[in-house]
Structures are given as C-alpha cells and as structure tokens.
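Here is the structure we will look at, set down as structure tokens.
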Number of protein chains: 2
Amino acid sequence: MTLVIYDIENDRVRNRISEACKDYGLLRVQKSAFRGQLNTNRREMLYQRLQQTLGQRAGSIHIYALCERDARATFVIEQTEEERDD
Amino acid sequence: MTLVIYDIENDRVRNRISEACKDYGLLRVQKSAFRGQLNTNRREMLYQRLQQTLGQRAGSIHIYALCERDARATFVIEQTEEERDD
C-alpha cells in the first residue's frame, strides 16, 4: 500500500498534486492524503511526477510504502458527522 | 516508526490532537502530520488518547506503523522557500 501526504500552500499546485494522485489510482482518505496500491516502479514514477509538479515551489510531500503487515497494524478513526449529545 | 495524520475542522480539538502527539514524543513533519518512534504499546495508548480527544466530533485520524524497511523506502520532498527564477 502506498500513502501520499502533502502540505502545499499554493492552491493550484495542491490541486495538481491531488490530480496526479488520482491519475495513479489513489483514493483521497483525508484533505491532503491519498492511499492505494502501487508497485515499486509506479511509486517511483509518481514521486518523479510530484517532484516535477511542485517544481521549485515551497511544499512538503511524503510518499510512504506500507507492507501488508504494517497496513494491517493501522489505527483509523473516522467520524463524518458531529454527533454531540450536549 | 509511527506516523499520525489527521483532518479535523475544529481548531481547539485539532490543537489538542497535536499536543497529544507531542506528549508522545512525536515531531511535526507537516501541518497535520506527526512522526516518531513508538512501540506497539505506546502506539495503542496514543490511539486511545486521540480517540478520547476527538470524542464524538467529526474528524479523521490515521495512525500508521512503519517497519524499518518501509521507513527506508519513504520518498520525501521538502522545500521550505519559494525559489522562483521568473
């Protein structure tokens, strides 16, 4: 499993980063995080594309590879709506 | 290595999540991402604390465990300043 997270101020560049992730078949899991299956070769290609897309602009992009065992050890908390009792 | 990423609208809750990550010795690597060394037990404890901190509010929190091999395969692009030639 591949996880891409990014922190980029420029709206246009940020959108192009998310488009690139979608082009590689990744799914958005958070506002600035995409996840999906990529082999080593495709992961390297995505890295090069994201690097080119960011160019010389300020930003942070991390691409993580998670083996099956690590992927299984993931803790996920997802709550889509406010459900307050008070 | 442990990686925590989150997507939380409520400013106060988001700050409490980042404080919890710092309390566990993690370092901020992006606006909504922390990283550091945690054993399985501490990772589980952090998960429970983050779950309690979020409570019933809307949000997404993922805690990833990365083995040494996966951590080494990480691609990182970090650029701190705009360096435009044009």
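The values are calculated or read from the model by the stated rules, or taken from the named source; none is laboratory data. Keep in mind that what you see is a predicted model, and the values were worked out from it rather than measured. Here Cβ is always computed from backbone atoms with ideal geometry, including for glycine, and neighbour counts include all displayed protein chains.
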Have a look at B:GLN52, B:GLN48, B:GLN79 and point out the one that is surrounded by 12 or more Cβ atoms within 10 Å (Cβ to Cβ) and either modelled with pLDDT of 95 or more or not β-branched (Val, Ile, Thr) (or both).
B:GLN79
Hits in segment A:60-69 (condition: outside any strand (DSSP E or B) and either basic (Lys, Arg) or closer than 17 Å to A:LEU26 by Cβ (or both)):
A:LEU66, A:ARG69
Hey, B:ALA73 hits all of (1) at pLDDT below 95; (2) over 18 Å from A:THR74 (Cβ atoms) but one; which does it fall short on?
(2)
Quick one: would you say A:ARG57 is in a helix (DSSP H, G or I) and among the charged types (D, E, K, R)?
no
Quick check on my filter: what residues within segment A:46-66 are closer than 11 Å to A:THR2 by Cβ and free of Cβ contacts under 8 Å to residues at least 24 places away in the same chain?
A:TYR47
Could you look through segment B:1-45, keep only residues that are hydroxyl-bearing (Ser, Thr, Tyr), under 21 Å from A:TYR6 (Cα atoms) and without any contact (Cβ under 8 Å) to a residue 60 or more places away in the chain, and pick out the one that is surrounded by the most Cβ atoms within 10 Å (Cβ to Cβ)?
B:TYR6
Please determine whether any residue of segment B:58-65 is within 30 Å of A:LEU46 (Cα to Cα), buried (at least 19 other Cβ atoms within 10 Å of the Cβ), more than 9 Å from chain A (Cβ to nearest Cβ) and touching a strand residue (DSSP E or B) at 6+ places or on another chain (Cβ under 6 Å).
no
Does B:TYR24 satisfy being of a type in the set (Phe, Trp, Tyr), within 9 Å of chain A (Cβ to nearest Cβ) and touching a strand residue (DSSP E or B) at 6+ places or on another chain (Cβ under 9 Å)?
no
